[in-house]
Amino acid sequence: MPKVLLTTLNAKYIHLNLAIRILYDLNKDNGNADLHMHEFTIKNDPKEVAAYCVDYDVVCFSCYIWNITQTLAVAREIKALNPNTKVLLGGPEVSYEWEPVIAEDAVDYIIAGEGEIPFEHFVRQYPYVSLVPNLIYKEEGQIHYNKQSVQFDVKLLEDRNPYQYDTAEELNNKVCYIETSRGCPYKCEFCLASLDNKVRYLPMQTIKDNLLYLMQRGRTIKFLDRTFNIKKDFTLDLFQFILDHHRPGNVFQFEITADIVHPDIIAFIQEKVPPGLFRFEIGIQTVNQQSNLEVSRKQNFTKTSGVVQSLQNKIEMHLDLIVGLPLEYMADLKYSFEETFKLYPPELQLGFLKFLKGTPVREKYEQYDYVFDPEPPYQIIRSRFLSEEELHKVTLLENALEIYWNKKRACNALKHITAHYSIFDFLMGVGERFVEKHAFHKHTLKQVYEVIRDYIQELYPQDTVLAELLALDYYTFYKVKPQDIFELEADKAERFKVIESFGLNHHKYRFAVLPVHFDTTIYIQDGAIQPKLDYLIIQFDGQEKGEVLCADLQYL
C-alpha cells in the first residue's frame, strides 16, 4: 500500500488549506493508500520540508500563484534526497499552461482542474495511472494527458466535515475557510473563477453543520464563495444561522457583489447584525465602464457606492481596485481611485493586474501591447495605457496607501485631503518622498509621521487645520505620550492651566494639549470642520491608544 502525503505551502502560518482537507476526508478510508496530511508555509526552508516528505511514496502539493516557486524548489530537494519519491502537483496554478511544469525533472504527475475525481482514481489505481482522468504524467520519456470532461458533484460532500482532523486550538488560532458553493456567474476576464460559470451549491444542512463546528472552535471564518450574495434567501438563511449560533470573538468574511445586494439583505443587516461581526470584501476594480466592458465585467458603481454607504455603520468593508486594466489610462485610474476613496473603506487594496494562467486577459495580452512578468505572480510591467514609469509611481502610491490609510496612521488628515485636494496626487507624492528617505519595509513609526509632516508643510503651508488633523492622527496612534514632533503643543504653563481648568487627573494620566483652529467637539462627533480657537486634549493611560477629550470631557 503506497504511503501518500497531501500537503501545501500556505502563504502564512494563520492560513489553512481547505482543498487538501477535502481530499483527505474523501479518500482516507479507501483502503488503497496510506493517506496522510500536513501543511507548511512558503517561509519554511525547502530542505526541511523535503526532509519531512522523502519517506512517502507520493507527495501531493496543492499549488497556487503564491507558492508555486517554493513548491518546485521543495520538489527538487525531495528528488535530491530520494529519487524514488514521486511528486504530484494539483491546483489552479498547474491546471493551465502546465507544459513547462511537467517538463521539470522533479515533477512526476499533474492533476489539471478540479481535483476530487482524479485524485480518487489516482490513489485507487496507483501506480497504474494511465486511466486517471485529467492526469498529466510521464511514461518512457513521453508526456501524456488523459484529458476528460469531469465535474465533481458537490452534493457528495454531504455530511462530511473536512476540519474534524484539526484540533480546536489550531482552528482557534487560524483563519478557517468554508465553501458553500463553487463557480461564479460572472465572466471577468482577469479572474480564474470566470472559467466556471455554473454555480453549484453544497447541501445546506452540511454547510450549517460545518459552519457551526467552526464557530464553536474557530474565530475568523472566511467564505470562499466568489459571490456570496447571489441568492437572497440563501444569504439571509445563513446570516440568520450565524446570528443564532456565533460566539464572542467570531468574525465572518464574505466576498460579495455590492451592486446586486437585495434591499431585504440591507434591511436585515441594519436591523439584526451587530457592528463588527461581518466583513465584506468588494471588488470594485475600476469605475471606468469602458474598461469593465473590455474585460466582460458588469458593475454599477452608483449602486455599489450606495450599498457601501448604507452598510458601513455595521460592516467592515474591504474594497479592491485593479491597476492596469485595458483602456484605463492614468487619468482614468486617478478617477477610479478618488471616487472609491471617497467611500472611506477601512481597507482599500490597490492591486496590479496579474495575467493568471488560463484567463482570457492572458490569452489576448498582445491585443493591448501588454508586457508582464513571466514569473509568478505574472504582474503587469507595461501596456499601451500605462508606461513602466507610471506603474512605478502607482506602486509608490500603493505603499503610501498601506502605510497611512490601511494601517490607520493618518485617516483624519487623508479625509481632509480628499475633501479639499487630490488624494491620488497626494499619496503618490508622499510615496515618492517616503522612498527617497526610507525603505518601505524598514522604518520607524516616528519616521512615518515625519515624512508626511514635512510633505504637508512644504505643499500646504497655509492649511493649519490639515497640520492639526495630522497631529491628531499622530497622538491618537500612540499608547504613551509621544515626542512633540509638530511643535504644536501648548507650553507647560498653558497645559497645566487647561488640565486644572477641566479638573483632569494629571497624577493618573498624561496629556497632550494642542491649541487648534477648529471646534474639536463638533469634529469628533460629526467629522465637520467648524472654525474656532479650541484645545485638542489627548489623554494617555499607557495601555490603550490616546483618547480625545472634548470640551465637555466625554470620551469619544
With the requirement that a residue be without any contact (Cβ under 8 Å) to a residue 40 or more places away in the chain, not charged (D, E, K, R) and not in a loop (DSSP other than H, G, I, E, B), what does the stretch 499-523 give you?
499, 501, 511, 512, 513, 515, 520, 521, 522, 523
Counting only residues that are aromatic (Phe, Trp, Tyr) and more than 29 Å from the chain's Cα centre (by Cα), the stretch 56-112 contains a total of 2
So for the stretch 351-370 (the condition being within 18 Å of residue 400 (Cβ to Cβ) and not in a loop (DSSP other than H, G, I, E, B)), does at least one residue qualify?
yes
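Go through the stretch 95-122 and report how many residues are assigned to a loop (DSSP other than H, G, I, E, B) and aromatic (Phe, Trp, Tyr).
Of the stretch 95-122, the ones assigned to a loop (DSSP other than H, G, I, E, B) are 95-98, 103-108, 112-115.
Narrowing the set further to residues that are aromatic (Phe, Trp, Tyr) leaves 96, 98.
So the count comes out to 2.
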Criterion violated by residue 156 - all others in (1) closer than 30 Å to residue 228 by Cβ; (2) under 27 Å from the mean Cα position of the chain (by Cα) satisfied:
(2)
Could you please give the count of residues in the stretch 66-125 that are crowded, with 18+ Cβ neighbours inside 10 Å and at positive phi?
2
In the stretch 426-455, residues that are in contact (Cβ under 8 Å) with a residue 40 or more places away in the chain and more than 20 Å from residue 482 (Cα to Cα) total 1
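Out of the residues in the stretch 127-146 that are more than 24 Å from residue 28 (Cα to Cα) and touching a strand residue (DSSP E or B) at 6+ places or on another chain (Cβ under 9 Å), which is surrounded by the most Cβ atoms within 10 Å (Cβ to Cβ)? Before the answer, list the steps.
Here is the first cut: in the stretch 127-146, the residues more than 24 Å from residue 28 (Cα to Cα) are 138-146.
In the following step, the residues that additionally are touching a strand residue (DSSP E or B) at 6+ places or on another chain (Cβ under 9 Å) were identified as 138, 143-146.
Values: 138: 14, 143: 13, 144: 14, 145: 14, 146: 16.
Residue satisfying both the conditions and the ranking: 146.
Take residue 477 and tell me if it is closer than 20 Å to residue 336 by Cβ, at pLDDT 95 or above and either in contact with a strand residue (DSSP E or B) (Cβ under 7 Å, 6 or more places away or on another chain) or not charged (D, E, K, R) (or both).
Numbers: closer than 20 Å to residue 336 by Cβ: no; at pLDDT 95 or above: yes; either in contact with a strand residue (DSSP E or B) (Cβ under 7 Å, 6 or more places away or on another chain) or not charged (D, E, K, R) (or both): yes.
Spelling it out, it is not the case that residue 477 is closer than 20 Å to residue 336 by Cβ, at pLDDT 95 or above and either in contact with a strand residue (DSSP E or B) (Cβ under 7 Å, 6 or more places away or on another chain) or not charged (D, E, K, R) (or both).
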Considering only the stretch 493-505, I want to know if a residue exists there that is exposed (fewer than 13 other Cβ atoms within 10 Å of the Cβ), over 29 Å from the mean Cα position of the chain (by Cα) and acidic (Asp, Glu).
yes
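Mind listing just one residue for me: the one in the stretch 174-207 that is aliphatic (A, V, I, L, M) and modelled with pLDDT of 95 or more and, of those, surrounded by the fewest Cβ atoms within 10 Å (Cβ to Cβ)?
First, pick out the residues of the stretch 174-207 that are aliphatic (A, V, I, L, M): 175, 178, 192-193, 195, 199, 202, 204, 207.
Filter once more, keeping what is modelled with pLDDT of 95 or more: 175, 178, 202, 204, 207.
Working: 175: 17, 178: 20, 202: 19, 204: 14, 207: 22.
Filtering first and then ranking leaves 204.
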Could you tell me whether residue 385 is in contact with a Pro (Cβ under 8 Å, 6 or more places away or on another chain), at negative phi and surrounded by 17 or more Cβ atoms within 10 Å (Cβ to Cβ)?
yes
Residues in the stretch 439-462 that are surrounded by 15 or more Cβ atoms within 10 Å (Cβ to Cβ) and under 13 Å from residue 413 (Cα atoms): how many?
6
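Can you confirm whether residue 308 is closer than 19 Å to residue 254 by Cα and touching a Leu at 6+ places or on another chain (Cβ under 7 Å)?
Working: closer than 19 Å to residue 254 by Cα: yes; touching a Leu at 6+ places or on another chain (Cβ under 7 Å): yes.
Yes; evaluated as a whole, the condition is true for this residue.
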In the set 60, 53, which member is out of contact with any Pro (no Cβ under 8 Å at 6 or more places or on another chain), surrounded by 21 or more Cβ atoms within 10 Å (Cβ to Cβ) and more than 26 Å from residue 142 (Cβ to Cβ)?
53
Output for the stretch 117-152, where each listed residue is farther than 26 Å from residue 34 by Cβ and free of Cβ contacts under 8 Å to residues at least 12 places away in the same chain:
140, 141, 142, 149
So, first residue at negative phi and of a type in the set (D, E, K, R) in the stretch 301-313, second residue at pLDDT below 95 and crowded, with 17+ Cβ neighbours inside 10 Å, Cβ within less than 7 Å, six or more apart or across chains; the pairs are 303/259
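Confirm whether residue 18 is closer than 30 Å to residue 179 by Cα, among the hydrophobic types (A, V, I, L, M, F, W, C) and buried (at least 20 other Cβ atoms within 10 Å of the Cβ).
Working: closer than 30 Å to residue 179 by Cα: yes; among the hydrophobic types (A, V, I, L, M, F, W, C): yes; buried (at least 20 other Cβ atoms within 10 Å of the Cβ): no.
No: the conditions fail for residue 18.
The values are calculated or read from the model by the stated rules, or taken from the named source; none is laboratory data. Source: prediction; values computed, not measured. All Cβ positions, even for glycine, are placed from backbone atoms using ideal geometry, and neighbour counts span all protein chains on display.
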